[in-house]
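Structure first, commentary second.
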């Protein structure tokens, strides 16, 4: 990605004018009606005639804009901002480690990532199958306060990569910098517009162009918005929340948002690779296209069919030792949302 730095710097100055809006992020609104869209195409026949592919393809024009994708082995560096329990960290670490763990039982997180791997760059190099945890950084004392703006998030990342002791490594080509904020931290537009977003750091702030994502723990602020379906909003009476697979509503809600952002970072790290729409400052990306779809029959305002554990917990994918609920992503080969828990 080094040869893109000049263009990125110019773009960064332009985007500073719009307050570093970031790539359009996920807001999983609750579903209260049932709508299923099924379209049969030649691609359906090629991949098997079933309901594995959800969401209408008629108006979607996902295009490749010639920018880089993350085709080298991906390393995720986590910044734990605020106070985190060790049990919460274990859930998130295991999800990330599960992305490359093929032996997990089907349907698996690794099976979900295979759809992301279908995307290529201009040399036909696929997204890397390898996603591993790298170095981590703790910021227990809220060094930038408990209320962050989109730009101050980049300052938090700068502190992590320039720390005097154990700084995070600088890896602009295949590193993902994942800033996770604890439940008592408010981030600009959190709950109202976003549950997480991704972008790249500006050299003028951080000193480097680094792909990053922020995801917040909504447990205290808005679980009915960002931890749905493990929590439901008050304005929908009678709707019962699902039981979370790992016993932590806030963190289990974060998992799908983390997956959403990592998938989009891999396919659109500098906001000039894979997206739909004509505006690179507000791209519609591979996870945005499948917002709220977790299983077969999903589409419109219905989440689709999910799985239930022996103890009643809801999930749709297996990890190494845990289960997770993760939103599907767009498969550009068949022009539908796909996932490993699809029913024939």
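Laboratory data are not the source of any read-out in this text; all were calculated from the coordinates shown. On a predicted model such as this, the values are computed, not experimentally measured, just so you know. In this analysis, Cβ positions are derived from the backbone assuming ideal geometry, glycine residues included, and neighbour counts consider all displayed protein chains.
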Original post:
When the Cα atoms of region 205-344 are enclosed in a convex hull and the volume is divided per residue, what value in Å³ results?
Top reply: 162
Original post:
Tell me, 306, 254 in order of fewest to most beta-carbon neighbours within 10 Å?
Top reply: 306, 254
Original post:
Rounded to the nearest whole Å³, what is the per residue volume of the convex hull around the Cα atoms of region 138-227?
Top reply: 92
Original post:
Modelled label-to-label distance, residue 320 and residue 65, 7 Å Cα→beta-carbon offset: nm?
Top reply: 3.6
**OP:** Arrange the following residues from fewest to most other Cβ atoms within 10 Å of their Cβ: 186, 275, 235.
**Re:** 235, 186, 275
Original post:
Which order do 267, 120, 338 fall in if you start with the one that has the fewest other Cβ atoms within 10 Å?
Top reply: 120, 338, 267
**OP:** Using only Cα atoms, locate the centre of region 268-318 and the centre of region 88-124, then give the distance between them in Å, rounded to an integer.
**Re:** 14
